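Following: one structure in C-alpha cells, then a few remarks.
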Number of protein chains: 2
Amino acid sequence: MSGEVFDALGDPVRRRVLELLGEGERPAGAIAAALRDRFGISQPAVSQHLRVLREAGLVTVRTEGTRRIYGVDTDGLALAQEWLARFADAFAQPLDALETELARGRRERRLADAADRERRPPVQRRPPGAAAG
Amino acid sequence: MSGEVFDALGDPVRRRVLELLGEGERPAGAIAAALRDRFGISQPAVSQHLRVLREAGLVTVRTEGTRRIYGVDTDGLALAQEWLARFADAFAQPLDALETELARGRRERRLADAADRERRPPVQRRPPGAAAG
DNA sequence: CTCCTTTATAAGTTCACACTTATATTAATC
DNA sequence: GATTAATATAAGTGTGAACTTATAAAGGAG
C-alpha cells in the first residue's frame, strides 16, 4: 500500500477538506476560507494540506484562470478501500458490511457489551494480566 | 468520525501489525518479534503501537496466562469503511469499485495519462497557474 | 517464596510535520 | 506595463509522536 493515502487521511484537517469536496468541487480559496473558520489556520497551511492530498491521489485539480478548482479523486479512496477490504475478506465479512446500516448495527451491538473488552482504561496501572479493576 | 481510526492507520508499523494479525491471532511477543525483524524496533515500541490500535478499536485482546493474544477487530475497520463509503456513494461509484481488479485498472489508466495532472512535480517552482514546465 | 517469562508503563530524547510570516508566480484588469 | 487577485513555495519555529532504556506488574515454575 502506498501508505501516503492513509497518512493523508490521518489528519483531521485533511479529512474535513475531503468532506467539503464531497459536497462538490471548490476553488482553493473557498477551502481555505472554510478551514479558517473551522480550524483557524492560514491560507498557506491549507495549500500545504492540499498538496499532501494531491500527492496521495485523493484530490484532483483543474486550473481555471487564476483559480485552482479542487475535487475528490476516487482513485485514492479506492486504494484505501482495497486495503481495508482485504481484511473484510479475511474475516469472511460480506461486502455488504460496507453499507452503513449493517456495519453500524454490528458495531453498536458489540460496543454494548464492551464490558469484557479493553479500551481506554481509567487512570490505573494495568500490567500484563490486565484483569481490569 | 472518531479520527482515532485513520490516525492509527496512518502509521506503517501499525498497518503491518494489522496485516500480520490478518493472518491470524498472535501474542504480543510474536508481533514484537516480527516487527523487530522488519523495522528494527523494540518491544516497548510495539506495545505502544498496540495500545494505539486498541484505543482505535482496530484490534482485540484476550489474556491467556501471562500472554496477551491480539486479533483484528472488524469494528474499527468497519468505521473506516463507512467513512470512505460515503464518498463512494456521493460519486455514484458502484460498490464493485472495491474489487481490486476494477479499481486498479482504473487507477493505472489514469496514472498513465497523468501528464496533465499534477503530482509530485520535479524540483521546480510551480505557482498558481501551474502550466508545468 | 523466589525466579523467570511476558507484557505494559515511565521518563526522556529526537525528529517529522503542521503551522506561521514573507514572497514568488501567474492570470486578469485597468 | 502596473496593479490586483488567487494560489503556491520558502524558510523558520514549536509541538506531538515514535522511539529509546529502565522498570513495574502479574502469571507460572521451581
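Nothing in this text is a laboratory measurement; each read-out follows from the coordinates by a stated rule. Predicted model only: the values in this text are computed from it and were never measured. Cβ: placed from backbone, ideal geometry, glycine included. Neighbour counts: every protein chain shown.
Can you list the residues, at least 5 places off or on another chain, whose amide H is less than 5 Å from the amide H of A:D73, using H built in the peptide plane?
Hits under the 5 Å cutoff: A:V59, A:T60.
What residues qualify as long-range amide H neighbours of B:R68, i.e. H under 5 Å apart, gap of 5 or more or another chain, H built at 1.01 Å from N?
B:A28, B:G29
Can you list residues from other chains, or at least 5 along the same chain, whose modelled amide H is less than 5 Å from the amide H of B:G10?
Distant-sequence amide H within range of B:G10: zero hits.
Please report how far the C-alpha centroid of the stretch B:18-40 lies from that of the stretch B:41-63, rounded to the nearest whole angstrom.
11
What ³J(HN,Hα) values, in whole Hz, does the Karplus curve 6.51 cos²θ - 1.76 cosθ + 1.60 give for the stretch A:46-58 when θ = phi - 60°, with x put for Gly and Pro?
5, 4, 5, 5, 4, 5, 4, 5, 4, 5, 8, x, 9
Which chain A residue sits with its beta carbon nearest the axis carrying A onto B, and how many Å away is it, rounded to a whole number?
A:G10, 1
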